[in-house]
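Where a number appears in this text, it was derived from the coordinates with a stated rule and is not lab data. What you see is a predicted model, and the numbers here were worked out from it, not measured in a lab. Please note: Cβ atoms are built from the backbone with ideal geometry, for glycine as well, and neighbour counts cover all protein chains shown.
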Amino acid sequence: MDKHPSALSMFEQITSASKGKQIVMFLDYDGTLSPIVEDPDRAFMSDAMRTVVRKVARYFPTAIVSGRCRDKVYNFVKLAELYYAGSHGMDIKGPSKGHRYNKYNKGSRAVLFQPASEFLPMIDEVYEELIEKTKSIPGAKVENNKFCLSVHYRCVDEKKWSGLAEQVRSVLKAYPKLRLTQGRKVLEIRPTIKWDKGKALEFLLESLGFADCNDVLPVYIGDDRTDEDAFKVLRERGQGLGILVSKIPKETNASYSLQEPSEYTHRHIRKLSIFSLCSLAPHSVPRLNLRAIILSDGSHSVNTLGVPCSPNGVLVKEGSVVGLFEGQLCV
């Protein structure tokens, strides 16, 4: 993408922007951490991706921001140390108070925020109506994401797409407090409250104590239209990096792009975890006299990104972080 250069090719610029700053990671799930699949109940992330996300969260506050039900996303990711914002940010929960990964939360309680709770009975009612209304359309699937609903049509004959959309709209006519938006072969039904993934990002930054900090760098990676709200917030703040995951050029508020499938995101998150550590963000990693950075594969470069080192230099081989040791960073 000419307007939105590849995050991989511009990686040195990205790591330069992160130097001396506290990185906070925000990650969409479907299409970013997991592939887009025909059956949304089988959108599993790979073990390799889970390992990378776990290692990133070891050093940086990390949140999964998804349109899915928060509990369902958690069951896919299975990492208790993360913050989870389900239902397009309308259901936010952090690690429990006292959890060893809850070190960034400055409050007296675990983070829990559900701004659309009053809509739960209405959402359940519409869910039942949509199940009944769409049951005659082969391939249609209605998903209850607690504070919002998704009508998937990826497996529906294209000739029936418009008919399905009309049936959904006919149900919603009786519910003016709900709105209809469109994602990647999915129709989304959400409350009309002024809340989205961008608001969720701001809420989490505030909960973590970074709302008014100049030395914080939020990084948001996502592929869906709903992620644009978060990209827009970062652009308006003039602080942070939005990275769009997409095969094709799109109009976006993101600053950079990554191609699909999720392996590209895997590579980017892995590199970010490694080289952001090398930047030694002061809130995240203690300043060490590093002699070597040892990684898992055979590629290597020597101290090209300002990594602090002994007089003998620093060896860098690309891989994934597994631990910090005095004088040596093993990855």
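Tabulated values for the structure
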{"read-out": "Residues whose placed amide H lies under 5 Å from that of V24, excluding near-sequence neighbours", "value": "L217, V219"}
{"read-out": "Two-site FRET efficiency, K177 against E128, from Cβ-Cβ distance with R₀ of 25 Å, rounded to 0.05", "value": "0.90"}
{"read-out": "Dimensions in Å of region 212-257 - Rg and Dmax from alpha carbons", "value": "10.5, 35"}
{"read-out": "Residues Y83, Y74, Y256 arranged by fewest to most Cβ contacts within 10 Å", "value": "Y74, Y256, Y83"}
{"read-out": "Amide hydrogen neighbours beyond the local backbone of A110, cut-off 5 Å, H modeled", "value": "K97"}
{"read-out": "Region 156-198: C-alpha gyration tensor shape, a/c 1.5 cut-off, then a/b vs b/c", "value": "oblate"}
{"read-out": "Difference of contour (0.36 nm per residue) and Cα-Cα distance, L8 to K159", "value": "50.5 nm"}
{"read-out": "Length released on extending from A80 to T51, taking residue separation times 0.36 nm less the Cα-Cα span", "value": "9.1 nm"}
{"read-out": "Whole-Hz ³J(HN,Hα) from phi, Karplus 6.51 cos²θ - 1.76 cosθ + 1.60, for region 176-191, glycine and proline x", "value": "x, 8, 10, 10, 10, 10, 10, x, 7, 6, 8, 9, 10, 10, 9, x"}
{"read-out": "Rounded FRET efficiency, nearest 0.05, which uses the C-beta distance separating R42 from R169 and R0 of 30 Å", "value": "0.60"}
{"read-out": "Summed side-chain charge close to P138 - residues other than P138 whose Cβ falls under 12 Å, Lys, Arg +1, Asp, Glu -1", "value": "+3"}
{"read-out": "Neighbour-count order for D39, D28, fewest beta carbons within 10 angstrom listed first", "value": "D39, D28"}
{"read-out": "Cα shape, region 170-224, gyration tensor, a/c 1.5 rule", "value": "oblate"}
{"read-out": "Residue-count net charge about I123 - beta-carbon cut-off 13 Å; Lys, Arg +1, Asp, Glu -1", "value": "-4"}
{"read-out": "Cross-link pairs K21/K93; K146/K177; K185/K247; K135/K173 - those with Cα-Cα distance over 22 Å", "value": "K21/K93"}
{"read-out": "Taking the C-alpha atoms of region 19-96, convex hull volume expressed per residue in Å³", "value": "96"}
{"read-out": "Region 123-235: C-alpha gyration tensor shape, a/c 1.5 cut-off, then a/b vs b/c", "value": "prolate"}
